[in-house]
Amino acid sequence: MRWWPFTLRGTGALTLAVVSFVVAGETGVVELMFFGVLMIMLVSASLASLWFRGAPTASPRRVVPDVSTTGKPTKVTITLRPPRRMLGRSAHWREAADPVFAGDLDGDLAWDGTEGSATISYSVTPTSRGTYSLGPLRVITEDPFGLARRAVRVLGAVSVRVAPAQVDVPALRGMTATAGGALHATHTQRGHGVDNLLARPYQPGDSMRRIHWRASAHHDGLMVRQEENESAPDAVVVLDLDRSRWGEGAADAPGKDPAFEAAVATTVSAVAQLSSDGYTVSVLDSDGTALHEPIEPGERVLLDAFAAQCATIVAGSGHSILDLPRAFARVGNGPIVMITGAVSEADIAALAPIGAHTTLPILLATGATPDALDRAGELGWRVQTIRVGPEMPGWWDDAREHDEARARRPKRAGR
């Protein structure tokens, strides 16, 4: 019981004191009365020794990485300093946390001398994306006799952002190569020392993200990558945020709808894969609104920022798929990846004009009617089924199964 300030030993001492008072009253033995008073004084002194001394202090938590990832461990380190005139035995620490954090959140704490410190280090693994609370941290100390205890709150709660999990999608790399993506020769065939030849002096107005740090160190001045390295084929990833395509809870908070969670994780994975394949990736909502600034090839900082942004993204209203084709008026012929929930034939018809803007349209859906998938295939879309649930990283395997089933299905009349 958190509110009870006595240990099992202290509770036993109090019980013994009460029994002594009762027996002394029944038998008239004065010695038992004195024994009970002695127990009460001893327990009271133990409790007072805890409450009238200082509390431990702690440095702020060090959380690595700053933005956690679903399914990957996050390490937390805290340094504690004991109060002056530290008495008693080793203490115990306990960290509160939201249920999405899996891991050991308590342990023993041994002080390194009176003026020393103690370091707490533990790992937790978040099981769902979103923003969650970690803390408060409490240190539980006991008196030298082990009769009383005190739980002191030494650190408040902090918010930890959890990004969606990223999975490797090798089949996406192979398919995007057919659209002219692949890695540029300058990314795969650079020899030793060539980096310096692919940079020019920094000029006012150049993006700080284009700074070539190795060349800058070599020339003792800021250098930026040349323009030919900036020209990369374009790719577009569209995440359908229309709440009508998702289950209950998708518009309320992250982690409520498994299908939407699978779609968001697939979006982050596809963007990371396309970027590593040499594409400049634009991420759009289903109505054509940009969800993030374009991510250039290999821009790890922007990829991490996009993943962190996806930690809190939810579905909503006003995201009509009918507005999407207008966003592709000036888009090149790079791959277009459409990630959505349950689609119908009417949705496929609305997406038909997009096929004219790409040599590789890809439709990834968590659910759809067979007729809708067939119609998308007839219009040139590569149709994939996103697997929902713990096996979500294997969603690409469903693509082959669906393609084989669609190939065996007889053609419908009128198509």
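The values are calculated or read from the model by the stated rules, or taken from the named source; none is laboratory data. The shown structure was predicted, so the numbers you read here are calculated from the model rather than taken from an experiment. Every residue, glycine among them, receives a Cβ derived from its backbone with ideal geometry; neighbour counts consider all protein chains shown. Just so you know, the surface numbers come from the protein's heavy atoms only, side chains and all, with ligands and any DNA or RNA stripped out. Shrake-Rupley method; radii C 1.70, N 1.55, O 1.52, S 1.80 Å.
Quick notes
- Residues satisfying the stated conditions in the stretch 361-374, i.e. touching a Ser or Thr at 6+ places or on another chain (Cβ under 7 Å) and open to solvent by 10 Å² or more (accessible area, probe 1.4 Å): THR369
Residue-wise test of (1) of a type outside the set (Ser, Thr, Tyr); (2) in a loop (DSSP other than H, G, I, E, B); (3) surrounded by 21 or more Cβ atoms within 10 Å (Cβ to Cβ); (4) modelled with pLDDT of 85 or more.
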{"residue": "PRO353", "(1), (2), (3), (4)": "yes, no, no, no"}
{"residue": "THR359", "(1), (2), (3), (4)": "no, yes, no, no"}
{"residue": "ALA376", "(1), (2), (3), (4)": "yes, no, yes, no"}
{"residue": "VAL383", "(1), (2), (3), (4)": "yes, no, yes, no"}
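- Residue satisfying all of: in the stretch 262-289; outside any helix (DSSP H, G or I) and among the polar types (S, T, N, Q); most open to solvent (accessible area, probe 1.4 Å) among these: THR289
- Restricting attention to the stretch 114-155, the residues being on the phi < 0 side of the Ramachandran plot, touching a residue at least 24 places away in the same chain (Cβ under 8 Å) and part of a strand (DSSP E or B) number 27.
- Of the residues making up the stretch 9-43, just one is closer than 15 Å to ALA148 by Cβ, open to solvent by 80 Å² or more (accessible area, probe 1.4 Å) and at pLDDT below 85, namely ARG9.
- Scan of the stretch 201-218 for residues that are surrounded by 14 or more Cβ atoms within 10 Å (Cβ to Cβ) and either β-branched (Val, Ile, Thr) or part of a strand (DSSP E or B) (or both), ordered by number: ILE211
- Flag for ALA342 being in a strand (DSSP E or B) and open to solvent by 50 Å² or more (accessible area, probe 1.4 Å): yes
- Cβ-Cβ contacts under 7 Å between residues 6 or more apart (or on different chains), taken from a first residue in the stretch 45-63 that is at pLDDT 75 or above to a second residue that is assigned to a helix (DSSP H, G or I) and surrounded by 13 or more Cβ atoms within 10 Å (Cβ to Cβ), are listed as SER46/GLY10.
- With respect to (1) under 22 Å from PRO294 (Cβ atoms); (2) modelled with pLDDT under 75; (3) open to solvent by less than 20 Å² (accessible area, probe 1.4 Å), the lone exception for ASN333 is condition (3).
- Any hit, the stretch 80-96, residues being at pLDDT 85 or above and under 19 Å from the mean Cα position of the chain (by Cα): yes
- Check on ALA251, farther than 23 Å from LEU351 by Cα, touching a helix residue (DSSP H, G or I) at 6+ places or on another chain (Cβ under 6 Å) and at pLDDT below 85: no
- Filtered residues of the stretch 304-334 (kept if touching an Asp or Glu at 6+ places or on another chain (Cβ under 9 Å), within 26 Å of ALA272 (Cβ to Cβ) and assigned to a loop (DSSP other than H, G, I, E, B)): VAL314, ALA315, HIS319, VAL331, GLY332, ASN333, GLY334
- VAL301 more than 24 Å from THR359 (Cβ to Cβ) and assigned to a strand (DSSP E or B): no
- Failed criterion for PRO60 (all others in (1) under 31 Å from the mean Cα position of the chain (by Cα); (2) over 21 Å from GLY107 (Cα atoms); (3) open to solvent by 70 Å² or more (accessible area, probe 1.4 Å) hold): (2)
- Just one of the numbered conditions (1) over 29 Å from ARG225 (Cβ atoms); (2) crowded, with 18+ Cβ neighbours inside 10 Å; (3) out of contact with any Phe, Trp or Tyr (no Cβ under 8 Å at 6 or more places or on another chain) is not true of PHE328: (1).
- Residue match in the stretch 310-330 (condition: free of Cβ contacts under 8 Å to residues at least 60 places away in the same chain and more than 27 Å from ILE348 (Cβ to Cβ)): no
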